[in-house]
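Note sheet for the following structure.
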Amino acid sequence: MTKLDIYNALLAGDSPEELFCRADAERKNACGDSVVIRGLVEFSSHCVRRCQYCGLRRDNLQLDRYRMSLTEMIAAAQRILEAGVRTVIFQSGDDLTFTREDISLVLRAIKKRMPEAALTLSLGERPPEDYQAFFDNGADRYLLKFETANPSLYEKLHPGQSLKKRVELLEDLRRIGYQVGTGNIIGLPGQTVADIARDLEYLKEFQPEMIAVGPFVPQQQTPLAGHPMPGPELVLKVLALARILVPAAHIPATTALATLGGHELQARALQGGANVLMVNFSPSAYKGLYRLYDHKACVDLEKAKEIAALVKRPLSLARHDAPDGIACPSS
Ligand code: 5AD
């Protein structure tokens, strides 16, 4: 697909069904039919950044913040693994009070008990030395979204940060040996179709092992509280194009999609390129506090089963490695 093809596919309003069909076929061919489950633990809502769209931004003084203890983190991972789910994702704001040693200890403790577990980190920007230490202590995957590939829009939305640094960190992660996940937000203020085409070009070039495409969802305590959400069709088109451009990537039907259009929209994403659902295993006391955006949906294991049943596909709790690891099993 050329840049022009991508651009035209994004603009074509009438029959995205053809695009969704093609993405569905690519997904089936590269990843098989199973809906892959990942277990998510949101372990800290503290953040040093000021991303304009995000409820965790440090200027949000109204947010009731929490940090899980290392023991709670290990216990949460254990619950995931006991449920049979083989992939644990630890996510937080950019919270540097969790030191290199803290995170390494958690990783080692889990890998010692459950060596076959796949451990994903999503802790934001850290020095590459931290990424290296986490990898050496058992982390397999790292998720760091580039959010938008337009450098000036990136800088406007992320005061004090740069797209150049973000992209360099993604390169560092890959060089260290991680399976790398990245992605964008659709519907950011000032974002054009050309910007989204640029996001897709970047995905095509970088060929990440995981791709998260999510709609912008407003959060009342941010500067973008009044900005509207994008139309669901546009988000589905971007997701389908991501599948076509990076056929073997793991692509979740994100929680933000569920917030935009309910679990039915997640089901549609699974029929148009997505193959993953992320199930929230954060302790219930914390679940409502990780307020990236308002009305954040929650997918538990039962809900995931319902969504997979809606699309008539089997659920898989197994560890599914990205294409450069072991091939995605097909059931
Ligand atoms: N709308 C959509 N996505 C958001 N994120 C944070 N805030 C929002 C929002 N308001 C996403 C970002 C970030 C991830 C953890 O959550 O893409 O990378």
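Considering only residues that are among the basic types (Lys, Arg) and farther than 17 Å from residue 49 by Cα, which ones fall in segment 124-181?
141, 174, 175
On the stretch given as segment 130-148, residues that are within 12 Å of residue 178 (Cβ to Cβ) and out of contact with any helix residue (DSSP H, G or I) (no Cβ under 7 Å at 6 or more places or on another chain) total 4.
So that you can scan it fast, the table gives a plain yes or no per residue for (1) closer than 24 Å to residue 221 by Cβ; (2) without any contact (Cβ under 8 Å) to a residue 24 or more places away in the chain; (3) in contact with a Cys (Cβ under 6 Å, 6 or more places away or on another chain):
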position	(1), (2), (3)
260	yes, no, no
269	no, no, no
277	no, no, no
283	yes, no, no
293	yes, no, no
300	no, yes, no
303	no, no, no
306	no, no, no
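Criterion applied to 57, 67, 79 was being surrounded by 14 or more Cβ atoms within 10 Å (Cβ to Cβ), in contact with a Lys or Arg (Cβ under 7 Å, 6 or more places away or on another chain) and charged (D, E, K, R), and the one residue passing it is 57.
Based on this model, can you work out whether residue 184 counts as within 16 Å of the ligand (Cβ to nearest atom) and free of Cβ contacts under 8 Å to residues at least 60 places away in the same chain?
Spelling it out, residue 184 is indeed within 16 Å of the ligand (Cβ to nearest atom) and free of Cβ contacts under 8 Å to residues at least 60 places away in the same chain.
If we keep just the residues of segment 242-293 that are assigned to a loop (DSSP other than H, G, I, E, B) and small (Gly, Ala, Ser), which is most open to solvent (accessible area, probe 1.4 Å)? Once the filter is applied, the top-ranked residue is 288.
Restricting attention to segment 193-202, does a residue exist that is of a type in the set (Phe, Trp, Tyr) and open to solvent by less than 20 Å² (accessible area, probe 1.4 Å)? The answer is no; no qualifying residue exists. Residues in segment 82-116 that are open to solvent by 50 Å² or more (accessible area, probe 1.4 Å) and over 29 Å from residue 53 (Cβ atoms): 82, 86, 101, 105, 108, 112, 113, 115, 116.
Could you tell me whether segment 208-222 includes any residue that is in contact (Cβ under 8 Å) with a residue 12 or more places away in the chain, among the β-branched types (Val, Ile, Thr) and part of a loop (DSSP other than H, G, I, E, B)? Looking through segment 208-222, at least one residue is in contact (Cβ under 8 Å) with a residue 12 or more places away in the chain, among the β-branched types (Val, Ile, Thr) and part of a loop (DSSP other than H, G, I, E, B).
In segment 12-30, is there at least one residue being surrounded by 20 or more Cβ atoms within 10 Å (Cβ to Cβ) and part of a loop (DSSP other than H, G, I, E, B)? Can you show your working first?
From segment 12-30, those surrounded by 20 or more Cβ atoms within 10 Å (Cβ to Cβ) are 19-20, 23, 27; that's our starting set.
Right, trim to part of a loop (DSSP other than H, G, I, E, B) and you get none.
Within segment 12-30, not a single residue is surrounded by 20 or more Cβ atoms within 10 Å (Cβ to Cβ) and part of a loop (DSSP other than H, G, I, E, B).
When segment 294-316 is filtered for residues that are open to solvent by 50 Å² or more (accessible area, probe 1.4 Å), within 18 Å of the chain's Cα centre (by Cα) and farther than 22 Å from residue 56 by Cα, only 300 remains. Among the residues of segment 112-138, those that are part of a loop (DSSP other than H, G, I, E, B) and closer than 15 Å to residue 40 by Cβ comprise 117, 123.
The values are calculated or read from the model by the stated rules, or taken from the named source; none is laboratory data. Just so we're clear, the structure is a prediction, and the values are computed from it rather than from any experiment. For neighbour counting, all protein chains shown are included, and Cβ atoms are generated from backbone atoms with ideal geometry for every residue, glycine included. The protein model used for the area step is the full one, side chains on, heavy atoms only, and it has no ligands, DNA or RNA in it. Shrake-Rupley method; radii C 1.70, N 1.55, O 1.52, S 1.80 Å.
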